[in-house]
Amino acid sequence: MTKDTLLEELNRLWEPIRPYLARQVEEIYGRGDGHILDIGPFSGVIFTLAQKNVGQSFLVATFPRGAFLSCSQEAQRLGLEGKVRIIESDSSLTGVPDDSVDLAVFRGALFFPSLFKVDFGAIYRKLKAGALAFVGGGFGKYTPPEIISRIGKRSEELNAEMGKVRITVESVLDQLRAGDLAAKAEIVADGGLWIVIKK
């Protein structure tokens with residue numbers, strides 16, 4: 001299987017998780033307006049947020065190559081191609097203006113160093129004052145155990161094929177410290193390993 005095929009299957013597999021993860025994101029965000037950014041190859045939560053009208057404008061910055069087509073097809077399938085804008089980008093978030101984002105979501109950010117390196121500094125630069133980013137990975141705290149058990153094994157296999165690595169909270173804190181962001185970040189271990197960064 002190519003990386004693109006693996007990615008497509010993994011994103012399809014995770015579709016039932018989106019509403020539950022979106023609920024956690026919505027709870028942390030605490031707003032119904034603003035400019036929402038979904039980052040990277042595992043984007044999709046933004047589609048649920050757009051369907052629920054959480055946010056006023058919606059942008060997906062996809063990478064690596066191949067993720068753009070998959071994400072565009074998904075938007076089309078859901079009838080959201082007119083509402084959610086999708087661009088090809090990179091881990092530096094090229095094409096996303098600085099100080100333009102109210103909420104950034106980056107699922108799968110920490111675990112795939114063979115695909116990309118998460119750039120916390122770039123994410124922070126894109127946030128407006130008072131905005132936040134939800135960065136990390138996991139099923140989220142609201143996903144029912146029966147859904148996790150239904151997709152868990154296959155998800156693990158696909159993740160392994162894509163080069164997923166295990167990381168520690170300490171290693172994430174080291175990355176945040178290196179970018180002078182530790183004081184602006186909170187680790188959330190409920191339903192995965194997530195970092196909430198506030199500007």
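Here, each number is a calculation from the coordinates, and none is a lab measurement. Bear in mind the structure is a predicted one, so any value in this text is a computation, not a measurement. Positions of Cβ are backbone-derived with ideal geometry, glycine not excepted, and every protein chain shown enters the neighbour counts.
Couplings 3J(HN,Hα) of the stretch 125-138, computed from phi: 4, 6, 6, 6, 4, x, 8, 9, 10, 10, 10, x, x, x Hz, in residue order, whole Hz [Karplus 6.51 cos²θ - 1.76 cosθ + 1.60, θ = phi - 60°; x for Gly and Pro]. Working from label points 7 Å from Cα in the Cα-to-Cβ sense, the Ile147 to Ala129 distance is 3.8 nm. What the Cβ-Cβ distance of Asp98 and Gln56 gives, at R0 = 22 Å and to the nearest 0.05, is a FRET efficiency of 0.70. For the chain, the spread of Cα positions along the three principal axes, ordered from largest to smallest, is 40, 40, 32 Å. The orientation-averaged projected area of the convex hull spanned by the Cα atoms of the stretch 91-145 comes to 4.6 nm².
For Gln73, the shell of other residues with beta-carbons less than 12 Å away shows a net charge of -2, using +1 for Lys and Arg and -1 for Asp and Glu. With a ≥ b ≥ c taken as the square roots of the eigenvalues of the C-alpha gyration tensor of the stretch 36-103, please select rounded if a/c is under 1.5 and otherwise prolate if a/b is larger than b/c or oblate if it is not? Oblate. The label point for Ala178 and the one for Val165, both projected 7 Å from the Cα toward the Cβ, are 1.0 nm apart.
If the segment from Ser72 to Ala189 were pulled out straight at 0.36 nm per residue, it would be longer than the present Cα-Cα gap by 39.0 nm. Per residue, the convex hull spanned by the alpha carbons of the stretch 67-122 comes to 106 Å³. In this simple spin-label model, placing a label point 7 Å from the Cα along the Cα-to-Cβ direction at both Thr5 and Glu156 gives a separation of 2.4 nm.
Among the listed pairs Lys52/Lys126; Lys83/Lys153; Lys141/Lys198; Lys83/Lys126; Lys153/Lys199; Lys153/Lys184, a Cα-Cα separation exceeding 32 Å is found for Lys83/Lys153; Lys153/Lys199; Lys153/Lys184.
Normalised by the number of residues in the chain, the mean separation of alpha-carbon contacts (under 8 Å, six or more apart) gives a relative contact order of 22 percent. Quick one: Cα centre-to-centre distance for the stretch 140-189 and the stretch 77-121, in angstrom? After rounding, the separation between the Cα centres reads 17 Å. Restricting the calculation to alpha carbons of the stretch 1-118 gives Rg and Dmax of 13.3, 40 angstrom.
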